[in-house]
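> Below: one structure in structure tokens.
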């Protein structure tokens, strides 16, 4: 199953993309949010912090 990192999953477009992709059952979606979790597995992330994003990719996407 392909993995997708979705930044801003609780935003206007982000939540629509998340639910659309989730419905297809074709992808493992790692969803990140800025403040409020969209789902139980949402990860709160400051997307402007390069180290945080790099660590997340190493942990969740490349494994």
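Each reported figure results from applying straightforward, stated rules to the coordinates on display, with no laboratory input. On a predicted model such as this, the values are computed, not experimentally measured, just so you know. A quick note on method: Cβ atoms are made from the backbone with ideal geometry, for glycine too, and the neighbour counts reach across all protein chains shown.
> Once R0 is set to 22 Å, what does the formula 1/(1 + (r/R0)^6) return for the Cβ-Cβ distance between residue 53 and residue 12, expressed as a FRET efficiency to the nearest 0.05?
On the way: r = 21 Å, r/R0 = 0.96.
Efficiency, from the Cβ-Cβ distance: 0.55.
> Still on this structure: At 222 nm, what helix-only mean residue ellipticity would the chain give, in deg cm²/dmol to the nearest 500, using -39500 (n - 2.57) for each DSSP H run of four or more?
Details: 2 runs with 18 residues, N = 63.
So the calculated ellipticity at 222 nm is -8000 deg cm²/dmol.
> Oh, and also: Starting with the highest mean, order 39-51, 10-22 by the number of other Cβ atoms within 10 Å, averaged over the residues of each peptide. Write out the running numbers ahead of the final one.
On the way: 39-51: 11.7, 10-22: 14.2.
Packing order, densest peptide first, comes out as 10-22, 39-51.
> Continuing with this model, one more query. Just checking my list [x] 1.65; [y] 1.47; [z] 1.05 against Cα Rg over 2.2 N^0.38 Å computed from this structure; which label fits?
[z]
> For an R0 of 25 angstrom, estimate the FRET efficiency from the Cβ-Cβ distance between residue 23 and residue 62 and round to the nearest 0.05. Please list the in-between numbers first.
On the way: r = 26 Å, r/R0 = 1.02.
According to the calculation, E is roughly 0.45.
> Pop the C-beta distance of residue 3 and residue 36 into the FRET formula with R0 = 35 Å and round what comes out to the nearest 0.05.
It comes to 0.90.
> Considering only DSSP beta bridges where both residues belong to the chain, give the percentage that are antiparallel (nearest 5). Working shown, then result.
Details: 0 of 8 bridges.
If I count the DSSP bridges inside the chain, around 0 percent turn out antiparallel.
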